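Following: one structure in structure tokens, then a few remarks.
Please treat every number below as a calculation from the coordinates, not as lab data. Remember, it's a predicted structure, so these values are computed and weren't measured experimentally. Positions of Cβ are generated from backbone atoms using ideal geometry, with glycine treated the same way; all protein chains shown enter the neighbour counts.
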């Protein structure tokens, strides 16, 4: 096994022999030099896993040596050791991106702790995290089996997301164990939805808040209280993606509230997002505002009337709010929103819909390059975080941090990595979505789907009197028998939405206020 190699530069290195022997006994290889020039030269000759530099050496100082070492290798952790506690000296060292700062005299355990923090940290954290998840595994399994209400499932999902992020760097065996537990959760959640979803549309039943109730229950009460709201809808946005961007906002905002609610079925933009803006279920939209409803088979865009639907909802509740609406589908539109923010911020309500995450999931299906960049769930989260960090949306948040305004972040639905094909047969009028189908002559295995033969019971329109909706659950996706193998290979392990899973249906709603 390769030993971690340490370089220790100190003009009194001979007096530190006991420290060196202590580290060697712990299994480290220690190379000693007594001046900064030799330290730089050794770094040019070989790689070190960590470097200890005495700041006050004759000739080349520790800070000078640090600069030259970092020019050669920016990633190597360097620990500065000094007798001085001067603030200016500390700031200079920190500015040069040292890994740690120790004040003489140092003892062997201080040195060992610094080594473990900097070169053994990932291994230690991974080991501890793995042990912690093993302890939690049984508890989460019990929660899955005992969940009987939506709030129970929300707690299960939170725990799974937490461990999914914590175990990103764990060994393959532990990640596989989590994946299997997540599949178990989804399988049981599908049974819960099959049993309870239709009942959610009875007025007296206990159920979660649904898409069409977002404005009525969460947005309008804030506006009625005299506060301004900036609503940001990130299409296809999941709880795990919120978790990884949360830290990017922590310098400017406090999370005032974080909750989970449910997208309606189908978990697709045409249905769930139109329901959000209209404050109505899709069947109600079609009946009350047929001019704003676009059928599955129509070539027209499915979400081109969101502003009009929002106005209709405001009018229906006899509100007089002033509002602006913005759909952001490219960098130019995002930059324009930021630059034009002063003229919008006076309005009581501003709404911005960002389609990047949705486009990312579709691009991952169509582009080999994007598939490679987002080859795992962790990579998919990382790509989302990178977009958020380097696009105009972060500039928008920075600008909003200067305003006295409530910011609400949510989505219309989530997405799931689909990897198991199930067969379906439909006529030429059947829609193309891979996670749900609507048609009058669908042939399918009833054990593999949730079939809704009376769509009006869950607020969905019918194309004709015999229309049936079927929804895939777990990580399944629909494939037609003709060209079956091509279809399966093309769509396997792509991110899809429209069906039943905790990732698609249980969605975040976050309220922020500036610090």
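Order of 452-465, 51-64, 187-200, 272-285 by packing, highest average Cβ count within 10 Å first? Don't skip to the answer; put the middle values down first.
Working: 452-465: 15.1, 51-64: 19.8, 187-200: 16.7, 272-285: 23.9.
Ranked by mean Cβ neighbours within 10 Å, highest first: 272-285, 51-64, 187-200, 452-465.
At residue 428 and residue 317, where each label point lies 7 Å from the Cα along Cα→Cβ, what is the point-to-point distance in nanometres?
So the label points at residue 428 and residue 317 sit 4.5 nm apart.
Would you mind classifying the chain by shape? Square roots of the alpha carbon gyration tensor eigenvalues, ordered a ≥ b ≥ c; an a/c under 1.5 is rounded, otherwise it is prolate if a/b is larger than b/c and oblate if not.
Values: a/c = 2.65, a/b = 1.88, b/c = 1.41.
Prolate is the answer for the chain, as a/c is 1.5 or above and a/b outweighs b/c.
Answer rounded, prolate or oblate for segment 5-119, using the Cα gyration tensor with square roots of eigenvalues a ≥ b ≥ c: rounded when a/c is under 1.5, else prolate when a/b is larger than b/c, else oblate. Spell out each step's value before the answer.
Details: a/c = 1.33, a/b = 1.17, b/c = 1.14.
Because its axes are fairly even, with a/c under 1.5, segment 5-119 counts as rounded.
Using 0.36 nm times the number of residues separating residue 335 and residue 149, minus their current alpha carbon distance, what extension gain do you get? Display every interim value, and only then the final one.
Values: separation 186, 0.36 × 186 = 66.96 nm, distance 4.22 nm.
Extra length from residue 335 to residue 149 when fully extended: 62.7 nm.
Please report 245, 470 as a ranked list, fewest other C-beta atoms within 10 angstrom at the top and most at the bottom. It would help to have the intermediate numbers written out before the result.
Working: 245 20, 470 24.
Exposure proxy ranking, most exposed first: 245, 470.
To test your reading of the geometry: what angle, between 0 and 90 degrees and rounded to tens, separates the Cα axis of helix 62-72 from the longest principal axis of the chain?
Result, in degrees: 50.
Per 0.36 nm of contour for each residue apart, how much would the distance between residue 194 and residue 343 grow if the chain were fully extended, relative to their Cα-Cα spacing?
Numbers: separation 149, 0.36 × 149 = 53.64 nm, distance 4.72 nm.
Using 0.36 nm per residue and subtracting the Cα-Cα distance, I get 48.9 nm.
Figure the gain on full extension for residue 139 and residue 14 (residue separation times 0.36 nm, minus the Cα-Cα span) and round it to one decimal in nm. Display every interim value, and only then the final one.
Numbers: separation 125, 0.36 × 125 = 45.00 nm, distance 5.42 nm.
Using 0.36 nm per residue and subtracting the Cα-Cα distance, I get 39.6 nm.
I need the shape label for segment 442-515. Rule: rounded when a/c is under 1.5, else prolate if a/b > b/c, else oblate, with a, b, c from the alpha carbon gyration tensor. Show your work: numbers first, answer last.
On the way: a/c = 2.79, a/b = 1.32, b/c = 2.11.
Since a/c reaches 1.5 but b/c is at least a/b, the shape of segment 442-515 is classed as oblate.
Where does the chain land at 222 nm, in deg cm²/dmol rounded to the nearest 500, when only DSSP H runs of n ≥ 4 count, each adding -39500 (n - 2.57), divided by all residues?
Values: 21 runs with 220 residues, N = 515.
Rounded to the nearest 500, the figure is -12500 deg cm²/dmol.
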